[in-house]
Amino acid sequence: MSELVTLSKNGDVAVVTVNNPPVNALSPGVPEGILAHIQTAAADPAVKAIVLIGGGKTFIAGADIKEFGKITSGKKTRDVGLYPTLLAIENCPKPVVCAIHGTAFGGGLEFAQACHYRVAAPNAQIGQPEVKLGIIPGAAGTQRLPRLAGVVRAAEMCAMGNPVSARQAHDWEIVDQLIDGDLLTGAIAFAREQAASGKPPRKTREIADRFGDAAENAKGLAELRKQSAKQWRGMQAPLRAIEAVEAAARLPFEKGCKKEAELFQECLFSTESKGMIHVFFGERTVAKIPDLPKDVKLIDIKTAAIVGAGTMGGGITMTYVNAGIPVVLKEVDQPALDRGLDTIRRNYGVSVQRGKMTQAQVDAKLAMIRPTLNYEDLKEADIVVEAVFENMELKKQVFAEIDKVAKPEAVLASNTSTLNIDEIAASTSRPQMVVGNHFFSPANVMKLLEIVRGKQSSQEILATSMALARRLGKVGVLVGNCWGFVGNRMFGPYMREAAFLVEEGSKVQDVDATLYEWGMAMGPLAVGDLAGLDVGYKVRKEAEHQIPKGMRPHLADNHLVEAGRYGQKTGAGWYRYGKGSRTPVPDPEAERLIAEAVQAGGVKQHPATKEEIIERTIYGLVNEGAAILDEGHALRSVDIDIVYVYGYGFPAFRGGPMFYADTIGLKKVYDRVRQFEKAHGFWWKPSPLLKRLAESGQTFAEFDRQKWGAAE
């Protein structure tokens, strides 16, 4: 306790400091330490007021999320500890002033609200982000916050989970004073003022004049419910947060807290919360590579070179520049280079229009890009990233050229999304320096980076790529070298089943709407139009020889491509698109072409139920994911989940495809896969791992633990 929380004095003001680096999380011992020291100070006649502050770079950034997992797994009983702790702090007879710097999030803000007054550094942030873990504030945060900020503002903070600046919090009367200069000095002075006023400490729970007009609140909450349903599609926690805040305005504090506790408990034990907590820890787990020593020396990446200024090359260039790494950008001719630079300028221009960047900031970033047509200009780069068209011969040719000029210690990375990294590496004299760095489009926005390990990729190269991913603001996931790696290999069955469902009689818009409502960021057929149907067509044509005789190939999407419908790029694919529009519109002509193709193929028609649409597509992901896991191309099932949440718009509240399968039960998934195999043939051959786990009553999570000897 003495190490986690300390007590000191500045004259007649006691200072309670939290020291639980790196973010002063409310781990066991921290809440108890804070309360014990406040009670000690309260009993000291020489102390007139108390300041609560965080040591290091922040106040309290939130709860220790591991504790939630202990509760839901049965390792720990439901802990009601924070509520009485905060009540005891609020009942302190001497003024307690919370001094906020860095962040006061979640439980940290709940502690701050239980203090009698709050002061903050101007650049601090506060927030109730619990909804991003599928839960709501559980220590009276939904009850005290509306007493400070009003009902609608409090509900918005709890339901949307976004941080609020200290200045905004001051305007909303959550923070009483902003402190310029030294925060502790200002907080002590403020505390002395409160003690000298002679007034009893102000208890947040007793503030009753900020709730606002009931009719206006009802209107505002109705709009917020619509907004929440749109942003958090399929989730319950945002609606429960609004319900809890609403209770604060109509119930006494104690009864409101009881209602909050009931809703918190409901959320905490939901699969929604378990899925989001799985993703939270999964993002940290994928950074740990069991067979990669922690002391591997990293290559210092100070400069980068990108070969190819197309859509991907431009986005990758922006990613590096945004991270402060200068880029040499190479193209084959001046027109292609000019087009690439123009696209980068337009993308940055959008950021200026939206107020996210100033023109001066954009100009500084553009100045970090050095365009060139010559390979010689790549010779000083610490990393060279190839981002040319997805064609093996072209990539091998580019790598052979890079190999001639790049310095010996440079990382040579390919942005290939499907191709064999070993074959690419073989075109160089240093295959140990070659690695896959598969960015996702748009590369400057998407968080996922698949890091593809070749047979000869050195530990130094892999460790450098993982560290570089973090520096670029990406979540790096190490994957094996198979066609499509993890993400695109699994995406094949998902897209295949979506197309087959249409061929069998389901409407294009019904397939997409079902999966969108289920939580996917986009429907699969709309994704096909976005990516370009011609891309998948070329891949399928190359692989058609693998389809057993008598099994139907893709009919409808092949027919659409052969009719010149490539998707958004041509204004028509599965849908049609207005000029300059990305909005898909159901198209009778597409329906006619689909009907023409399936009639020629003799496909039996039976429109699928929503349940079948979900099972055919999602179980297709799971079965292929199990094969990838069994083959060792993914280290753990959680790695697959993170790939899909961050790279393919899989809903975080479902935890990723493998976690979702665990929640459904692998026996149920396996039995359904066998039924699909019987109905649809070789496409649905069950993965051996799925079969083994289902028949033994195990889960993918247990497979991970057995393989690596530790929980995720």
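The values are calculated or read from the model by the stated rules, or taken from the named source; none is laboratory data. Since we're looking at a predicted model, the values are computed, not measured. Cβ placement follows ideal geometry from the backbone for every residue including glycine, while neighbour counts extend to all protein chains displayed.
A few comments on the model shown:
- Checking GLY161 against (1) surrounded by fewer than 19 Cβ atoms within 10 Å (Cβ to Cβ); (2) within 25 Å of THR103 (Cα to Cα); (3) within 35 Å of the chain's Cα centre (by Cα), the condition it does not meet: (1)
- Filter result for THR6 (in contact with a strand residue (DSSP E or B) (Cβ under 7 Å, 6 or more places away or on another chain) and surrounded by fewer than 15 Cβ atoms within 10 Å (Cβ to Cβ)): no
- Top-ranked residue of the stretch 136-158 - restricted to ones that are within 27 Å of the chain's Cα centre (by Cα) and not aliphatic (A, V, I, L, M), ranked as surrounded by the fewest Cβ atoms within 10 Å (Cβ to Cβ): ARG153
- Of the set (1) assigned to a helix (DSSP H, G or I); (2) free of Cβ contacts under 8 Å to residues at least 40 places away in the same chain, all apply to ILE188 but (2).
- Taking each residue of the stretch 340-354 that is without any contact (Cβ under 8 Å) to a residue 40 or more places away in the chain and looking for partners that are surrounded by fewer than 14 Cβ atoms within 10 Å (Cβ to Cβ) with beta-carbon atoms closer than 6 Å, six or more apart or interchain, yields VAL352/GLN359.
- Residues of the stretch 222-271 that are in a helix (DSSP H, G or I), out of contact with any Cys (no Cβ under 7 Å at 6 or more places or on another chain) and basic (Lys, Arg): ARG225, LYS226, LYS230, ARG250, LYS255, LYS258, LYS259.
- Looking at the stretch 612-712, the helices (runs of 4 or more DSSP H) lying wholly inside it that each contain 1 or more residues that are out of contact with any Ser or Thr (no Cβ under 8 Å at 6 or more places or on another chain) and under 20 Å from GLY523 (Cα atoms) sit at 637-647, 657-664.
- In the condition set (1) out of contact with any helix residue (DSSP H, G or I) (no Cβ under 7 Å at 6 or more places or on another chain); (2) over 30 Å from CYS158 (Cβ atoms); (3) buried (at least 18 other Cβ atoms within 10 Å of the Cβ), LEU329 is compliant with all but (1).
- Against the conditions (1) surrounded by 22 or more Cβ atoms within 10 Å (Cβ to Cβ); (2) in contact with a strand residue (DSSP E or B) (Cβ under 7 Å, 6 or more places away or on another chain), TYR494 satisfies every one except (2).
- Top-ranked residue of the stretch 34-65 - restricted to ones that are more than 20 Å from ALA189 (Cβ to Cβ) and touching a residue at least 60 places away in the same chain (Cβ under 8 Å), ranked as surrounded by the most Cβ atoms within 10 Å (Cβ to Cβ): ILE34
- Candidate set from the stretch 556-595 (those that are charged (D, E, K, R) and touching a strand residue (DSSP E or B) at 6+ places or on another chain (Cβ under 9 Å)); member that is surrounded by the most Cβ atoms within 10 Å (Cβ to Cβ): ARG565
- Residue that is nearest to SER417 (Cα to Cα), among those in the stretch 358-406 that are surrounded by 14 or more Cβ atoms within 10 Å (Cβ to Cβ) and of a type in the set (Lys, Arg): LYS395
- Residue within the stretch 589-612 that is in contact with a Gly (Cβ under 6 Å, 6 or more places away or on another chain), in the same structural domain as GLY536 (by TED's automatic domain parsing), of a type outside the set (Val, Ile, Thr) and at pLDDT 95 or above present: no
- Scan of the stretch 170-207 for residues that are of a type outside the set (D, E, K, R) and more than 41 Å from the chain's Cα centre (by Cα), ordered by number: ALA189, GLN194, ALA195, ALA196, SER197, GLY198, PRO200, PRO201
- Going through (1) farther than 12 Å from ILE174 by Cα; (2) surrounded by fewer than 24 Cβ atoms within 10 Å (Cβ to Cβ); (3) of a type in the set (S, T, N, Q) one by one, GLN128 falls short only on (2).
- The residues of the stretch 427-444 that are within 17 Å of GLU390 (Cα to Cα) and surrounded by fewer than 20 Cβ atoms within 10 Å (Cβ to Cβ), listed by number, are SER427, SER441, PRO442.
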